[in-house]
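Below: the structure, in structure tokens.
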Amino acid sequence: MRGLDGVRVLDLSTELAGAYCTKLLVDAGADVVKLEPPSGDPLRRYSASGSVGADGDEDGALFRYLCTSKSSIVGDLGGTAARLAADADLVVETYAPGVVEAGGLGIEALARHNRAANLVSISPFGRGGPRSGEATSEFLLQAWSGSIYAHGLPGRIPLAVGGRLGEWTAGAYAALGAVTALANTARTGRGAHVDVSILECLALTLVAYPTLSASFPGGSSKRMVGVMFPSVEPCKDGFVGLFVLTAQQWEMLFAMVERPDLAADADLATIAGRMARDAEVREAIRGWTRKNTVADVVERAALFRVPAAAIGNGQTLPQFEHLVARQVFVANPRGGFLQPRPPFRSNRMPAVSLRAAPRVGQDASPGWRAGQPVTRELTAEQEPRPLAGVKVLDLTAFWAGPYATLYLASAGAEVLKVESIQRPDPMRFNTSVDPSVPQWYEQGFLYHAANLGKRSITLNLGDPVGQDLLLRLAARCDVVIENFTPRVMEQFGMTYEKFVAARPDTIMVRIPAFGLDGPSRDRSGFATTMEQAAGMAWMTGYEDDAPTVPGGMCDPLTGVHAAYAVLVALEHRRQTGEGQHIEIPMIEIAANVTAEQVAEWSAYGALLGRQGNRGPLAAPQGVYACSGEEEWLAIAVASDAQWAVLVDALGDPRWAADRELDTVDGRRGSQELIDTELARWCAARTRDDALAVLADAGVPAAPVVPAARIDQDEQMNARRFWEQVHHPIVGTHAFPGWPFRLSPGPASWYRAPAPLLGEHTEEVLRRELGLDDDELARLRDQQVIGDRPVGL
């Protein structure tokens, strides 16, 4: 069986975020029934290249990918939906706030017929707050979230991230919220409402904590664009993606590009030193890459253990040797085009058998298997967090793995973060604080953001004593999770078999960059590497310039999927008593959310690419400079009616009188003209004045909010998205919470700050393993444990 076998999902959603949410539920075994009007989900008629029908199928390839193995029933939001909801475990909807409530499908109404049913609502701004009921688009939400402000090149218009990645991200968070609600129901017998805000999903994922970067020691609120290097670099035959983070990787990079003089330059050992000599370092790297082919650079980078990747797209990604060897892409059962398999592999939960995506209303009834009745009740003394009582042994570092365990800690699990004084989490050193400052390694904003509420213990896993202690701790934990290259755990001898020997029902989750087998298994890779390889960079950038990496979003996106897999595995264990081994390669997470590119090429021969700030859903769509310094606004006109409103707001200018502009096809053909005129109109006004005119008329527009100021957003603050957390060294800061509200659920997500290195070692070893003072002193003397990095 699979973790969500027997879970019945009524899918009332339309468009991409809801479809990806329910696709992930299907991947875990849930039985998903789409309720559609006779005209069907609008996603059926969508193709980014406008190619629906080109392969002889009335539904688009993206719909057929996302709705594989689902069912479809035609009905309305009233009687049909209410009848189905009475038997559902989950209801997923994307209506405007208030619509399902008016239709009798709010969480209170559901509870009257099925008190164990959970409702997942996905909306642009979430329920509650001044913008709750507003209709908008992902492009405008990118402007509100600070993402557009944070992307682009100096001297050019700010840039949106391409590929509708915000909607894919929202779908992943919604799926995580759904399985969290199911875990809560298993404990309490009651359903919950999961209220997802797409704006908050973008603020968490498309921008790497800009408010914390500005407020932490050494931080700055200055707009930092075009400063990531190396990144997408020119070669003899195209572009290659490079990314380095640690001091050792920088040293190896300089050696690779045949500049040992730079490797030995002490000034370049720090982030500040490299940024001060930005132009020199860039030219040293590009001077070498331009003389080599992409394949040669990638091969040489592997020898030097420098993360590198060919820039992938919908045509080339399925040809990537490693993904071919691992059989990542499979044939869609309705059309035969290529699509990625689910991004999880388990030794206990077999993959779902693929069924063709349904035609509209092809199923007369859901055919749901009867679910197990839930009878437990929540008592006043019970902890209101769904994962209360779960214990996690956290062997992760950097961002993706820690982000997964951050969620587990927020949801109530006790997370024991394992580091060593020989090798702390490298993110501790990613700070702008001078190393002469005491405990400078405790002041990195990204480390703090990804490790709230955890307990830190140190164990030297290079020492047999440390290994023994780790296995003894594992015997007392439910979950073990790590995200290193496979060889790291193998070198320590920390295999799945050893963890199972310590505890037979262990759930072990591994998050390698490329997977546990295949020709690239031992290659290191960061989020940026995956964005370069999987097509995210290919879809982002100016049309006349190189691809642009979104900037690390694949880390939190991978963490969300990993946390989702943990909750599914816990449910599987609850039902069967079985633990399992789960593999979640970062590259396959990235491939799942860039599947549209592969489907468009495979089904239609259409190669999607970057369009600057334009996109397939609106015309005109763009970012325009206003009269103030670094003041921009974003406009996205998604319909002919909205165009008419915009023309009226502009005062019916003569250039807009051409009747061809009254249709979306006509506007697409004249976007240069429209952009020029809108830029002229905006340049003559302040941003706020221009927005006031457009808002009064009902034109879809948004300010391009400075990334470092998104914690001042009235909508997110009304929903209590930002939480104040105090730390003994860096003080009090506002941290973003999770992008959904769980009702009933915890009033706040974070219970403690990020831990100091080794802060809880002695407490945990005493409590869990019974070690006494003499044993702890001996371990400290042997440097098996400690609280200060070796060599500092």
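The values are calculated or read from the model by the stated rules, or taken from the named source; none is laboratory data. Computed from a predicted model, the values in this text were never measured in an experiment. A quick note on method: Cβ atoms are made from the backbone with ideal geometry, for glycine too, and the neighbour counts reach across all protein chains shown. SASA here: full protein model, heavy atoms, side chains in, ligands and nucleic acids out. Shrake-Rupley method; radii C 1.70, N 1.55, O 1.52, S 1.80 Å.
Summed over the residues of the stretch 406-511 and divided among them, the accessible surface reaches 31 Å² per residue at a probe radius of 1.4 Å. Under the combined filter of DSSP loop state and at most 13 neighbouring Cβ atoms within 10 Å, the stretch 443-533 retains none of its chymotrypsin sites (Phe, Trp or Tyr not before Pro).
Here the simple spin-label model places points 7 Å from the Cα toward Cβ, and for R487 and S627 these points are separated by 6.1 nm. Which percent of the accessible area of the stretch 610-685 is formed by carbon and sulfur heavy atoms (probe 1.4 angstrom)? Reported share for carbon and sulfur atoms: 48 percent. Spin-label model, L792 to E497: label points 7 Å out along the Cα-to-beta-carbon direction sit 3.8 nm apart. What a 1.4 Å probe finds exposed on the stretch 75-192 is 56% carbon and sulfur by accessible area, rounded to a whole percent.
Among the listed pairs K34/K70; K391/K417; K391/K454, no Cα-Cα separation exceeding 19 Å is found.
A Förster radius of 30 Å, combined with the Cβ-Cβ distance separating A734 from A102, puts the computed FRET efficiency at roughly 0.30.
Taking a point 7 Å out from the Cα of K236 in the direction of its Cβ, none of the residues of the stretch 313-335 has a backbone N less than 17 Å from it. For L607 and R355, what is the calculated FRET efficiency with R₀ set at 30 Å and r taken between the beta-carbons, to the nearest 0.05? Once the sixth-power term is evaluated, E becomes 0.55.
In square nanometres, what is the average projected area of the Cα convex hull of the chain?
Approximately 32.2 nm², given one-decimal rounding.
With all protein chains kept in place, the per residue accessible area of the stretch 733-791 amounts to 46 square angstrom at a probe of 1.4 angstrom. Along the chain, counting only GluC sites (Glu not before Pro) with a DSSP assignment other than H, G, I, E or B and at most 14 other Cβ atoms inside a 10 Å radius, the longest segment between sites is 59-257. Enter the Cα centre distance for the pair the stretch 118-156 and the stretch 157-194, rounded to the nearest angstrom. Here the two parts' Cα centres lie 15 Å apart. Extension gain, R654-F304: 0.36 nm per intervening residue step, less the Cα-Cα distance, totals 119.9 nm.
Expressed to the nearest 5 percent, the antiparallel share of DSSP beta bridges inside the chain is 40 percent. Between the beta carbons of N717 and R751, assuming R0 = 25 Å, the FRET efficiency works out to 0.75 to the nearest 0.05. Of the solvent-accessible surface of the stretch 385-487, computed with a 1.4 Å probe over protein heavy atoms with every protein chain present, carbon and sulfur atoms account for 51 percent. Per the Debye formula on identical point scatterers at the alpha carbon atoms of the stretch 147-190, with no solvent, log10 I(q)/I(0) at q = 0.15, 0.22, 0.24, 0.27 Å⁻¹ is -0.56, -0.76, -0.82, -0.89.
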